[in-house]
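Working notes for the structure below.
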Amino acid sequence: MLDAGLCRYVLISYGHNAFSSASLFTMLMDFAGDDAVFGHFGATGGYALAARRAMHEFNTGPQTWKHIAVAQRAWANLNPHAMMHGKPMSFGDYLSSKYVVEPLRLPDNCLVNDGGRAVIITTLERARDLRHRPAVILGLGQHNPSVQVTQSGTLTGSTGARKACETALSMAGVTRDDVDACQIYDCFTYTVELTLQDYGFFGPGEGESWFSEGTIGPGGRMPVNTSGGQLSEAYYMGLTPLSEATMQIMGRCKDRQLGPATQTKEPSIILVSDNGGILQAHSCCVLGRI
Amino acid sequence: MAYNKPLPRVNGDNQEFWEGCRNHELKFQQCASCGHIRFPASLVCPKCLCSDFQSIVSTGTGKVYTYAVYHVAFHQGFLEDLPYVVAVVELQEGPRLLTNIVGCSPEEVSCEMPVTVAWENVTPDISLPMFKPLI
Amino acid sequence: MDREKTHAIVGVGYTPQGRVPGRTSLSFHLEACTNAINDAGIPKDHIDGLICYRHFPAPSDENDLTPHLVAQHLGIEPNYLSQDAN
């Protein structure tokens, strides 16, 4: 619509008093439909089904996911605005935390919070006249397998992430090797593993060793979810990863800024993801500096 | 005590399935054109969009495709069941059902475990297809 | 891709987050939007597209949260308006 000249500035917004109101609970019940007959509710149950199947098919589980939860918490501790700022988490803390829906523990789940987030998009031409360095949308891809979790044969990949990422990278004219950091929709730790796996950073079952080198945390070679993400900053659907990628590209992230401040690569290219449903929809965006 | 868990919402699409359940039969639509057995019930076959079908009755046996163990009750009715197992069972005929695994402890459940249907009559009109280990 | 037809994100809006009692979902939308507009440094009348992420059911003391409601409260009349599924 920007291309067509229909719009000049598009505002994308999300807001929810999820923590302080009953609406999240209402949604859980609405979302369940007839699955509720068997006591199956919300996203945690659905992702637990997917994660369990993955544990059957290849090497994954708490020993992989602990790296994701702990690294994102480390990022949150560099972000004073993050809900989990000042609440460090060790592997031991993670592994001794309670199950919600096994195999997913409480720190495998995203946060529930009050708050809102918004971004504004315009043409690059207009963006150049504004005050911040533009976070340029270099490529976009979306793929929607759509099948509900109980009927899906792709709970362990490849999900819509693979095609969405291929489309986005190709549109941007870059490859995975050009990517400096990722902001991944992280409703659950397993979502981060599966998305990065589908993006081709590692093969099925190789996640544990890939993550184990401190890869995605501060100082790592592929920083992921540098605000703390939905696991440790706050949940705003796709706007948690998108807004953080924007702020990193703009260079406005202070203590958690990618580059010398965190002994990481300068963020020229960041991969950003968003999921919908339970592995039913995936969007990928290549955001960069030009 | 009155049944205090959610009940299925019977509608034009799923009526035949739930009527079958009342008679302890797992009934599915098989596409008259391509032979695909579909679930949930639908106006058209998702493989070929043909709307003609015949009804088939499943043997009621299959295997656990995946499962999850609930340690938190999101609904009051399930509080006493904790921890309980929600599973996706793949029937011999192909369709997958969301269900509960009963008749064993959560620790005994595994992916690919053979199971058979265990009917749970919860109201005079509704029987739920749950599954138990196939011995 | 055609760089001349490229788009960019030019503003981000934050709000207090975590446990913030006594606030409606609408108020968080409005605070985030206002902050994003100010962050970009553009007049609000320049906003002619609005996409709201799919809302959850509103609690009983709050109106259904549509993009129309957000536009009304921001005093904007978008040429394009939608609600994105998630």
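The values are calculated or read from the model by the stated rules, or taken from the named source; none is laboratory data. Just so you know, these numbers come straight off a predicted model, no measurement behind them. So basically every Cβ, Gly included, is an ideal-geometry build from the backbone, and we count neighbours across all protein chains shown.
Laid out as a table, the results:
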{"read-out": "Of all residues in region B:45-79 being touching a Cys at 6+ places or on another chain (Cβ under 7 Å) and free of Cβ contacts under 8 Å to residues at least 24 places away in the same chain, the one that is farthest from the other protein chains (Cβ to nearest Cβ)", "value": "B:Cys50"}
{"read-out": "Search result, residues across region B:90-128 that are within 14 Å of B:Phe17 (Cβ to Cβ), within 13 Å of another protein chain (Cβ to nearest Cβ) and in a strand (DSSP E or B)", "value": "B:Leu91, B:Arg96, B:Leu97, B:Leu98, B:Thr99, B:Ser127, B:Leu128"}
{"read-out": "Qualifying positions in region B:7-28 - assigned to a strand (DSSP E or B) and away from every other protein chain (no Cβ under 14 Å)", "value": "B:Lys27"}
{"read-out": "From the options C:Ile51, C:Ile76, residue that is of a type in the set (A, V, I, L, M) and either more than 19 Å from C:Val12 (Cα to Cα) or within 7 Å of chain A (Cβ to nearest Cβ) (or both)", "value": "C:Ile51"}
{"read-out": "Residue count, region A:234-266 (criterion: over 14 Å from A:Ala76 (Cα atoms), part of a loop (DSSP other than H, G, I, E, B) and not basic (Lys, Arg))", "value": "6"}
{"read-out": "Any hit, region A:194-209, residues being on the phi > 0 side of the Ramachandran plot and surrounded by fewer than 21 Cβ atoms within 10 Å (Cβ to Cβ)", "value": "yes"}
{"read-out": "Candidate set: region A:103-129, residues that are of a type in the set (D, E, K, R) and within 21 Å of the chain's Cα centre (by Cα); chosen: the one surrounded by the most Cβ atoms within 10 Å (Cβ to Cβ)", "value": "A:Arg117"}
{"read-out": "Unique residue being part of a loop (DSSP other than H, G, I, E, B), over 10 Å from the mean Cα position of the chain (by Cα) and crowded, with 18+ Cβ neighbours inside 10 Å when the list is C:Pro78, C:Pro16, C:Pro21", "value": "C:Pro78"}
{"read-out": "Residue ranges of helices (runs of 4 or more DSSP H) in region A:1-94 with at least 1 members over 30 Å from B:Val109 (Cα atoms) and more than 14 Å from chain C (Cβ to nearest Cβ)", "value": "A:62-76"}
{"read-out": "Neighbours by Cβ (under 6 Å, 6+ apart or cross-chain): first from region A:164-177, over 13 Å from A:Tyr199 (Cβ atoms); second buried (at least 17 other Cβ atoms within 10 Å of the Cβ) and of a type in the set (Gly, Ala, Ser)", "value": "A:Met171/A:Gly139; A:Ala172/A:Gly139"}
{"read-out": "Residue match in region A:252-274 (condition: at the interface with chain C (Cβ under 9 Å from one of its Cβ atoms) and farther than 14 Å from A:Ala135 by Cβ)", "value": "yes"}
{"read-out": "So A:Glu166, is it on the phi < 0 side of the Ramachandran plot, acidic (Asp, Glu) and buried (at least 24 other Cβ atoms within 10 Å of the Cβ)", "value": "no"}
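Table: residues versus (1) surrounded by 20 or more Cβ atoms within 10 Å (Cβ to Cβ); (2) over 18 Å from the mean Cα position of the chain (by Cα); (3) not assigned by TED's automatic domain parsing to the domain that holds B:Phe17.
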| residue | (1), (2), (3) |
| --- | --- |
| B:Ala73 | no, yes, yes |
| B:Glu112 | no, no, yes |
| B:Val115 | yes, no, yes |
| B:Met130 | yes, no, yes |
| B:Leu134 | no, no, yes |
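To keep it simple, each residue is scored yes or no on (1) farther than 21 Å from A:Gly219 by Cα; (2) over 17 Å from the mean Cα position of the chain (by Cα).
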site	(1), (2)
A:Gly61	yes, yes
A:Lys66	no, no
A:Val70	no, no
A:Ala74	no, no
A:Asn77	no, yes
A:Met83	yes, no
A:Phe91	no, yes
A:Ser96	yes, yes
